[in-house]
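Undergrad: The structure is given below, and queries will be raised subsequently.
The values are calculated or read from the model by the stated rules, or taken from the named source; none is laboratory data. Keep in mind that what you see is a predicted model, and the values were worked out from it rather than measured. Every residue, glycine as well, gets a Cβ built from its backbone with ideal geometry; the counts of neighbours run over all protein chains shown. Ligands, DNA and RNA are stripped out before the accessible areas are found, and what is left, the full protein with its side chains, is counted by its heavy atoms. Shrake-Rupley method; radii C 1.70, N 1.55, O 1.52, S 1.80 Å.
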Amino acid sequence: MIEIRRSPVHGQGVFATERIPAGTLVCVYRGELISSEEADRRSRARPPGAPVFVFEIDENFCIDATDTGTENPARFINHACDENCETAWNPRERRLEIRALRDLAAGEELSIDYGFGLAGFFEHPCRCGKKGCVGYIVARPLRPALLRKLAAARRGKTPRGRNAGKSV
C-alpha cells in the first residue's frame, strides 16, 4: 500500500503504491512511548542537525521512533500545509494511527500537519509547495497568527499582544 522513497519535499517520504480510500488506516507510528521530559532530554543529547523522530502525543507523552529505521515508514511522512493524512492516538490499542483524510492516488506522497507551535518557527521552514503554504511548519490553527507576525516584520513593526517582545 505504501513505500519509502526520495521525496521532492524533504529527504525521504512515504508514497502510496496504490489508490488508498479516505479513512483507511495507512500505517502506525511505531516507537518507544516515553514521557515528554525524557523526549526533551533525548533531544538535547542528540548532536546538532541529527534527525529527530519524536511525535508528541500530548503534553505528557511522546513516541520516540529514532531507532526504528525503515520498519516504521510513518516516521518518514513529511509535513504539508494541505495535508492528506491525519494522526490520531488510539488509547485502546495504545498506538498512533495515520489515516487518509481523502482518497489518495497511486504515487501520491503522504503528508500530515506536524502541528508545531510558533516558538522557533523560523527554524522549521516548510518546503511543501502547496497552495496556501505559509513558509514555515506551524500547526494549522496558528497559521493566521504567523502570517500576521510575518506581515508586521515586513513592515518593520513589532506585533503587539501576548507575545510582543518574545522570540516566537
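Undergrad: Quick one: Cα centre-to-centre distance for region 1-60 and region 94-144, in angstrom?
TA: Cα centres, region 1-60 to region 94-144: 12 Å.
Undergrad: At 7 Å along the Cα-to-beta-carbon direction for both residue 70 and residue 148, put a label point, then send me their distance in nm to one decimal.
TA: Each label point is offset 7 Å from its Cα along the Cβ direction, giving 4.6 nm.
Undergrad: By how many degrees, between 0 and 90 and to the nearest 10, does the Cα long axis of helix 143-154 differ from the longest principal axis of the chain?
TA: 40 degrees
Undergrad: How much accessible area per residue does the chain have, counting only protein heavy atoms and a probe of 1.4 Å, in square angstrom? Write out the running numbers ahead of the final one.
TA: Details: 10020 Å² over 168 residues.
Heavy-atom accessible area per residue stands at 60 Å².
Undergrad: Okay, next question. By DSSP, what percent of the beta bridges with both residues in the chain are antiparallel, rounded to the nearest 5?
TA: Details: 25 of 27 bridges.
About 95 percent, rounded to the nearest 5.
Undergrad: What spacing in nm lies between the two simple spin-label points modelled at residue 41 and residue 92, each 7 Å away from Cα in the Cβ direction?
TA: Taking the two extended label points, one gets 3.4 nm.
Undergrad: Ok, one more. Between residue 61 and residue 18, take the C-beta separation as r, use R0 = 35 Å, and let me know the FRET efficiency to the nearest 0.05.
TA: My answer for the efficiency is 0.60.
Undergrad: Where is the GNM fluctuation largest for the chain (alpha-carbon springs, 10 angstrom cutoff): 105, 50, 65?
TA: Highest fluctuation of the listed residues: 50.
Undergrad: How long are the three semi-axes of the equivalent ellipsoid of region 1-141, in whole Å, if each is the root of 5 times an eigenvalue of the C-alpha gyration tensor, listed from largest down?
TA: 23, 19, 15
Undergrad: Using the basic label-point model (7 angstrom from Cα toward the beta carbon), what is the residue 124 to residue 102 distance in nanometres?
TA: Once both label points are built, they end up 2.3 nm from each other.
Undergrad: Counting helices only, and only those DSSP H runs with n ≥ 4, report the 222 nm mean residue ellipticity of the chain as the sum of -39,500 (n - 2.57) divided by its residues, in deg cm²/dmol to the nearest 500.
TA: Calculated from helices alone, the mean residue ellipticity at 222 nm is -4000 deg cm²/dmol.
Undergrad: Sticking with this one: What percentage of the solvent-accessible surface of region 1-148, computed with a 1.4 Å probe over protein heavy atoms, is contributed by carbon and sulfur atoms? Walk me through the intermediate numbers first.
TA: On the way: 4200 of 8260 Å².
Exposed carbon and sulfur together represent 51 percent of the surface.
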